[in-house]
Amino acid sequence: MERALSAPGKLFVSGEYAVLWGGVARVAAVAPRTAAYVRRREDARVHVCLEEGSLGGSMTPRGVRWEREVPAGFSFVARTLDEALRAHGRASQGFDFAVAPSAVGPNGQKLGMGGSACAAVLAAEGARYVLEERYDALKLALLAHTLGQGGKGSGGDVAASFAGGVLRYRRYDVTPLADASNGGRLSAALTESPSVDVWRLPVPRVAMAYAFTGESASTRVLIGQAEARLEEAGRQAFVERSNTVGQVLEDGLAGWDFRGFSEAVKAQHELLLELGPLETEGMRRVLSMAAAYGCVGKLSGAGGGDGCILFAPDTEARAELCKGLESRGFHTLLLEAEQGVRGETHVDARLRAWVDARG
C-alpha cells in the first residue's frame, strides 16, 4: 500500500495576530505545493525520510519509539506521527513516510509560507491512509502542530494547507485533545470534539502575488513579543478593530471596488504595525512599489521578515508589478488559490528513492 500526496503553503490575508486572541483570520492556500510519499512496511518499523536524512523507530500504541533524539528538522512530522499512532491505539504494520523540503527563495532561505504546518498536514493524512483510519486529519494536525510550537500559533496555516482555497478561520482549542491524548482517549476525542471553525470563501477576483524580502523571521519569537505588549483589554480592542477591517477586506476580495479594498488592506497593515516593529526596510520598499503600480499589499504572517502579500486590480497590473519587483532583486510568486491536501497520481522520484534506500 502506497500513496503520493501534496499540500499547499499559506499566506495570511488578514487577522494574523487577532486570531491568536479569539479573532477571525482570512488565510489563502497557495503554491508552491509540497510533495510527500507514504508506503506500508511488512514489519513494525517507522522511517521518516527528509532531505537532511532519516529517522527511524518502532510502532507502539502510544506513539513511535524513536531510536534517537528527534532532530529539530523532524520535530513536526515526528510529533504528528506520534499523535496518529495514539489515535490508532493498537499494534499495526509500520510505514515509511517521506516529505520534500519546503520552498526556498533564490538565496536558499525559507519563504515563510507555512512549511511546518504543511508537513504536519501531510503526515496526518499520510498516516491516516496507511493505517486505514478515519480520524479527522485536520484536528490531529492542529493538535500536533500546536504542541510542536509549545502552544503558540493559531493553526490558520494548518487549516489552509488542509482545506485549501481562501478561508475564514478561528483558532481551534486543542487543549481537550491534548488531555485526551495523554490519557489514551484521543480516538474518541477526535470524533466527539467540536468541528473546526473554518469556512471557505469564494475564489478572489483580485489578482494576488507574493514578494519575498530575502529576510527570514521567527514566528514564535514575534508572537511572544506581541503578546507581552498587550494586556487582555488591549488584545480585545485590537481583535475588534481587526475583525471590522478584515470583514471589509473579505468583501473586497470580490473585486468590485478595488479602491475601497485597497484602503482596507492598508488599514490592516497599519493595525499590525501597532504591535511593534514588524515592518522591515524591504517590506517598505515592496509596498511603496506596489502603490506606484496601482496595487496594494501588506505584511503576511508575523512580520519582521519573510514577505508581503500583494493585490492587483487585474493580472496585467500584477505582471507589471512583479516584473518591477524582480528587477530590483525581490523574489516574487504569482498566486492562485490552491486545493488543499490531496492524493497525486505520480510519486516524486526523490521521495521514492529516499524510501527505497531504507529497505
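Rule-based calculations on the coordinates, nothing more; no lab input. Since the structure is predicted, the reported quantities are computational estimates derived from the model, not experimental observations. Because the Cβ atoms are built from the backbone with ideal geometry, glycine has one as well, and the counts that use them run over all protein chains shown.
Numbers for the structure displayed
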| quantity | calculated |
| --- | --- |
| Pair-distance profile P(r), taking every C-alpha pair of segment 79-168, with 5 angstrom steps and integer % | 2, 14, 24, 22, 18, 11, 5, 2, 1, 0 |
| Residues with amide H under 5 Å from that of Thr60, placed H, sequence gap 5 or more | Arg65 |
| Positive-end residue, the chain charge dipole about Cα centroid, Cβ charges, pick of Ala72, Ile223, His331 | Ala72 |
| Net length gained if the chain between Ala319 and Glu67 were fully extended (0.36 nm per residue, minus Cα distance) | 85.7 nm |
| From phi via Karplus (6.51, -1.76, 1.60), per-residue ³J(HN,Hα) for segment 325-337 in Hz, x at Gly/Pro | 5, 4, 5, 9, x, 8, 7, 10, 10, 7, 10, 9, 5 |
| Gain in span if fully extended, Gln247 to Ala292, counting 0.36 nm per residue against the direct Cα distance | 13.6 nm |
| The chain, helix-only ellipticity at 222 nm - DSSP H runs n ≥ 4, -39,500 (n - 2.57), divided by all residues, nearest 500 | -13000 deg cm²/dmol |
| Alpha-carbon Rg/Rh ratio, for segment 236-276, with Rh computed the Kirkwood way | 1.01 |
| Convex hull of Cα atoms in segment 210-252, direction-averaged projection (nm²) | 4.4 |
| Debye log10 I(q)/I(0) at q = 0.25, 0.27, 0.28 Å⁻¹ for segment 296-340, Cα point scatterers | -1.04, -1.12, -1.16 |
| Degrees between helix 281-292 axis and first principal axis of the chain (Cα, 0 to 90, nearest 10) | 60 |
| Value of relative contact order over the chain, rounded to a whole percent, pairs C-alpha under 8 Å and six or more apart | 25 |
| Charge dipole magnitude, Cβ of K and R +1, D and E -1 - segment 201-359, Cα centre, debye nearest 20 | 340 |
| All-pairs Cα distance distribution in segment 64-216, expressed in whole percent, bin size 5 Å | 1, 9, 17, 20, 20, 15, 9, 5, 3, 1, 0 |
| Relative counts (whole %) of C-alpha pair distances in segment 181-249, using bins that are 10 Å wide | 12, 21, 34, 28, 5 |
| Options Leu55, Thr280, Ser300, ranked by Cα towards positive dipole end of the chain, top entry (Cβ charges) | Leu55 |
| Nearest-20 debye value, segment 82-205 charge dipole, Cβ charges on Lys, Arg, Asp, Glu | 400 |
| Principal axes of segment 260-334: Cα extent on each, largest first, Å | 34, 29, 18 |
| Using θ = phi - 60° and Karplus 6.51 cos²θ - 1.76 cosθ + 1.60, couplings along segment 19-32 (whole Hz; Gly, Pro as x) | 5, 5, 10, x, x, 9, 10, 10, 10, 10, 7, 9, 6, x |
| Rg in Å to one decimal, and Dmax rounded to a whole Å, for segment 1-98 via C-alpha atoms | 16.4, 47 |
| Over the chain, equivalent-ellipsoid semi-axes from the Cα gyration tensor in Å | 36, 23, 17 |
| Lysine-lysine proximity count for the chain, Cα under 22 Å, sequence distance 8 or more or distinct chains | 11 |
| Note, ³J(HN,Hα) from phi for segment 51-57, Karplus 6.51, -1.76, 1.60, rounded to Hz, x at Gly and Pro | 4, 7, x, 9, 9, x, x |
| Computed over segment 133-195, the ratio Rg/Rh where both radii use C-alpha atoms and Rh is Kirkwood | 0.95 |
| For Gly164, residues with placed amide H under 5 Å, excluding near neighbours | Gly340, Val341 |
| Modelled FRET efficiency - R0 45 Å, Thr191 with Glu274, Cβ distances, 0.05 increments | 0.65 |
| Angle in degrees between helix 258-273 and the longest Cα principal axis of the chain, rounded to the nearest 10 | 70 |
| C-alpha long axis of helix 232-252 to longest principal axis of the chain, angle in ° | 80 |
| Over segment 134-277: Rg over Rh, Cα atoms, Kirkwood Rh | 1.00 |
| Unit charges at the beta carbon, dipole of the chain: most positive-side option, Thr191, Thr146, Val46 | Val46 |
